[in-house]
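Quick notes on the structure that follows.
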Amino acid sequence: MYGAILGDVIGAPYEFDRGGKTKEFPLFTKESRFTDDSVMTVAVAEALMNAPPETSDEALRGGLVRALLRWGRRYPNAGYGCRFSHWLWSADPKPYGSYGNGSAMRVSAAGWLYPSLDETRRMARLTAAVTHNHPEGIKGAEAVASAIYLARSGSGKAAIRDYITEQFGYDLSRTCDQIRPGYRHVESCQQTVPEALTAFLEGESFEDVIRTAVSLGGDCDTLTCIAGSVAEAFYGVPETLKAECRKRLPGDMLEVLDRFARKIGKEEQTDV
């Protein structure tokens, strides 16, 4: 999850094209802090880790809803969208047909926790559908989780590009130089996931993916959260950046992050 959270933290100060659409910017500033992207990423990870393999879909959906509500209400000022905020404080929260990019930015744990691509995609669908049950919202989550699974399983970028294009129909033929000039703040999966995956495909290292994603502008905390989640699976995350990430997270989020690292066999320091 470091990749997703770092993408959020690094991208947050530059949202709404405040980064000047360049790759040359300070990775960390006093405004570098986590947003709703990180909070919801942690919530989904906790819910999935708490669900034994035999958990029914209905029970898992209930666990996801409870986790999203608990974490969202714990951090109510993290920057949620209007419709999700309404869901978050509803007495009886139901899916609301969203195709927003929130389903794709919070799904990274599903890309790591399961032994097959089919299971990864099934779990990604479930994480999306409790709120973002529009086909495009579900597709965005599935595509991101699939890319993470393929990257961590050793697939090359060409294979990842081909799979995402064939299975989900996203246009990954454009370059970031082609995307950048006309790209603006858009919060749909349709206009965030392909751009984030393109940034991953063009990047030459974890940090370069992050810088490339931020340089596209728009909703770049979420876009970079998505790109970073895939980049972590492909490149890993430098220890120096992990340390910077940890400095910016509260203890309860670090506990989930450390538990997740143990779960996937990547032990991290446990002091919070």
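The values are calculated or read from the model by the stated rules, or taken from the named source; none is laboratory data. All of these numbers come straight from a predicted model, not from anything done at the bench. Note: ideal-geometry Cβ built from the backbone for every residue, glycine included; neighbour counts use all protein chains shown.
Report, ordered by the first and then the second residue, all pairs with beta carbons closer than 8 Å, sequence separation of six or more or different chains, a first member in region 158-186 that is part of a helix (DSSP H, G or I), and a second member that is exposed (fewer than 15 other Cβ atoms within 10 Å of the Cβ).
Within 8 Å, the pairs are THR165/ASP171.
Just to be sure before I move on: is GLU166 more than 24 Å from GLU46 (Cβ to Cβ) and not basic (Lys, Arg) in the structure I sent?
yes
Only one of these conditions is not met by GLY72: (1) farther than 24 Å from THR192 by Cα; (2) touching a helix residue (DSSP H, G or I) at 6+ places or on another chain (Cβ under 6 Å). Which number is it?
(1)
Please go through region 195-249 and pick out each residue that is under 17 Å from ALA151 (Cβ atoms) and not in a helix (DSSP H, G or I).
Step one: of region 195-249, the residues under 17 Å from ALA151 (Cβ atoms) are 196-210, 212-213, 224-238.
Passing the criteria: GLY203, GLU204, SER205, GLY236, VAL237, PRO238.
Please give the helices (runs of 4 or more DSSP H) falling wholly within region 84-144 in which 2 or more residues are free of Cβ contacts under 8 Å to residues at least 60 places away in the same chain. Spell out the reasoning first.
Numbers: elements: 102-105, 108-112, 117-129.
In region 84-144, the matching helices (runs of 4 or more DSSP H) lie at 117-129.
Looking at GLY265, GLY218, can you tell me which residue is at pLDDT below 95, small (Gly, Ala, Ser) and farther than 28 Å from PHE16 by Cβ?
Exactly one of GLY265, GLY218 is at pLDDT below 95, small (Gly, Ala, Ser) and farther than 28 Å from PHE16 by Cβ, namely GLY265.
Which members of region 102-126 meet the condition of being over 16 Å from ALA43 (Cα atoms) and among the polar types (S, T, N, Q)?
Scanning region 102-126 gives SER116, THR120.
Being modelled with pLDDT under 95 and surrounded by 14 or more Cβ atoms within 10 Å (Cβ to Cβ) is true for just one of GLY7, GLY19. Which residue is that?
Numbers: GLY7 fails: modelled with pLDDT under 95.
From the options GLY7, GLY19, the qualifying one is GLY19.
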